[in-house]
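Input: a single structure, listed below in structure tokens.
The values are calculated or read from the model by the stated rules, or taken from the named source; none is laboratory data. Model, not experiment: these values are computed from the prediction. For neighbour counting, all protein chains shown are included, and Cβ atoms are generated from backbone atoms with ideal geometry for every residue, glycine included. Calculation scope for accessible area: heavy atoms of the full protein, side chains included, ligands and nucleic acids excluded. Shrake-Rupley method; radii C 1.70, N 1.55, O 1.52, S 1.80 Å.
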Amino acid sequence: MSEQTTPRGDVAPANGAPLASSTATESGFRRFLSGSVGRNLGLVAALLVLVIAGAITAPDTFLTTSNMLTILRAASILGVVSIGMTLVITAGGIDLSVGSLIGLASVVATLAAIQDLADQLHWIVMVVLALAVGVGAGLVNGIVIAYGKVVAFMATLAMLVAARGLAEILAERRTLQVGNRDFITFMNLDIIGVDMLIWIFAIVAALGWVVLNRTTFGRRTVAIGGNREAARLAGINVKRHIMWLYAISGLTAGIAAVMYLGRTTAGTSTHGTLLELDAIAAVVVGGTLLAGGRGTVTGTVFGVLIFTTLTNVFVQNNLNSSVQAVVKGVIIVVAVLLQQRFARPTGRG
């Protein structure tokens with residue numbers, strides 16, 4: 001029986017059976033790693049490594065219930081913003097403005113006139129206005145990107161600068177205190193021992209998962225990210241859909257602004273500074289493709305928990321925050337490299 005040499009230098013029989021078996025095994029392993037189960041198992045493993053590291057280095061404090069709630073509380077605001085970012089990136093977009101929108105929404109909601117109105121009517125006025133600011137700014141982003149055909153990076157970068165500047169003007173560079181005690185009491189409630197902020201994060205994450213995985217809107221989002229022109233030819237109103245995606249991202253920024261108000265009892269233009277970068281990092285680490293076409297809310301939640309747990313481990317051990325930033329950068333690079341390695345269709349070079 002004759003032999004043939006494979007491109008890697010291996011010798012295989014002419015019928016190619018062992019080579020075919022090896023290729024099939026490799027392809028199956030790649031499909032498992034690039035599938036949702038494989039990605040989530042990798043994220044769970046990474047999170048467990050961080051938990052074990054925290055338990056070993058800070059055995060007296062890390063695994064306590066109060067510290068676990070601290071991690072979840074720290075993850076809540078970033079997590080809410082990251083859910084909206086997941087939808088945008090799944091469609092092949094990007095939103096750099098969410099951090100500034102948080103600052104603007106928190107300032108508008110705590111203006112003296114708005115707080116007076118809230119005292120006369122109900123504190124829900126502050127919440128509605130913060131959400132309206134987020135949705136309105138998100139719609140502006142969406143219209144400029146979808147109908148104005150401005151690149152998402154530039155459009156949202158412009159909104160980042162403009163929203164932060166407007167927040168500074170409205171607040172006159174001051175911190176505006178929340179005077180409504182009922183609002184503060186509600187936002188600091190504990191339901192079965194769990195903070196209200198954590199419940200809000202859980203609800204937003206659950207809704208985000210349903211929208212992306214169980215609705216036509218979610219399927220269209222994935223289709224647009226995979227191939228925008230093919231989605232248009234399939235009958236999807238791509239421009240309108242993109243506009244609403246950015247509105248949803250603005251809505252999550254408004255929700256995060258309300259959470260900031262409850263957590264800090266103040267509105268300021270500095271709320272949410274650089275939060276957009278952390279959100280993008282959490283989404284990418286969670287397994288959503290930066291190029292679009294694949295998104296995972298579950299992965300995003302794990303990505304947020306990985307970063308907040310990492311921060312907590314560093315704080316527990318009084319480690320340098322600069323080293324923490326380096327570690328975060330390494331995690332992001334590794335995540336992107338893994339995406340490029342396993343998201344590529346089998347058979348492509």
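So the values come out like this:
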{"quantity": "Single condition A132 does not satisfy, out of (1) of a type in the set (G, A, S); (2) surrounded by fewer than 24 Cβ atoms within 10 Å (Cβ to Cβ); (3) over 18 Å from G254 (Cβ atoms)", "calculated": "(3)"}
{"quantity": "Test result for M154, open to solvent by less than 60 Å² (accessible area, probe 1.4 Å), assigned to a helix (DSSP H, G or I) and not aromatic (F, W, Y)", "calculated": "no"}
{"quantity": "Answer residue from segment 218-233, given it is of a type in the set (D, E, K, R) and closer than 15 Å to G93 by Cα and is surrounded by the fewest Cβ atoms within 10 Å (Cβ to Cβ) among those", "calculated": "E229"}
{"quantity": "Residue that is least open to solvent (accessible area, probe 1.4 Å), among those in segment 44-58 that are assigned to a helix (DSSP H, G or I) and touching a residue at least 24 places away in the same chain (Cβ under 8 Å)", "calculated": "G54"}
{"quantity": "Hits in segment 94-114 - residues which are part of a loop (DSSP other than H, G, I, E, B) and either touching a strand residue (DSSP E or B) at 6+ places or on another chain (Cβ under 6 Å) or open to solvent by less than 10 Å² (accessible area, probe 1.4 Å) (or both)", "calculated": "D95, S97, T110"}
{"quantity": "Options L139, L117: the member that is modelled with pLDDT of 95 or more, part of a helix (DSSP H, G or I) and open to solvent by 10 Å² or more (accessible area, probe 1.4 Å)", "calculated": "L139"}
{"quantity": "Qualifying position, being touching a Gly at 6+ places or on another chain (Cβ under 8 Å), buried (at least 18 other Cβ atoms within 10 Å of the Cβ) and touching a residue at least 12 places away in the same chain (Cβ under 8 Å), among I242, I236", "calculated": "I242"}
{"quantity": "Any hit, segment 61-78, residues being under 14 Å from the mean Cα position of the chain (by Cα) and among the β-branched types (V, I, T)", "calculated": "yes"}
{"quantity": "Failed item in (1) at pLDDT 95 or above; (2) surrounded by fewer than 21 Cβ atoms within 10 Å (Cβ to Cβ), with F201 passing the rest", "calculated": "(2)"}
{"quantity": "Number of the condition not met by T265 [criteria: (1) crowded, with 23+ Cβ neighbours inside 10 Å; (2) in contact with a strand residue (DSSP E or B) (Cβ under 7 Å, 6 or more places away or on another chain); (3) at positive phi]", "calculated": "(1)"}
{"quantity": "Matching entry among T273, T252 (being open to solvent by 60 Å² or more (accessible area, probe 1.4 Å), in contact (Cβ under 8 Å) with a residue 60 or more places away in the chain and under 24 Å from V108 (Cα atoms))", "calculated": "T273"}
{"quantity": "Qualifying residue in segment 168-179 (condition: closer than 18 Å to L251 by Cβ, of a type in the set (A, V, I, L, M) and touching a residue at least 40 places away in the same chain (Cβ under 8 Å))", "calculated": "no"}
{"quantity": "Condition broken by L338, with the remaining ones in (1) open to solvent by 70 Å² or more (accessible area, probe 1.4 Å); (2) outside any helix (DSSP H, G or I); (3) at pLDDT below 90 satisfied", "calculated": "(2)"}
{"quantity": "V284 buried (at least 24 other Cβ atoms within 10 Å of the Cβ) and either at negative phi or not aliphatic (A, V, I, L, M) (or both)", "calculated": "no"}
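Condition check ((1) more than 22 Å from A223 (Cα to Cα); (2) modelled with pLDDT of 95 or more) across all residues:
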position	(1), (2)
T70	yes, no
A74	yes, no
G79	yes, yes
S82	no, yes
M85	no, yes
I89	no, yes
G92	no, no
I102	yes, yes
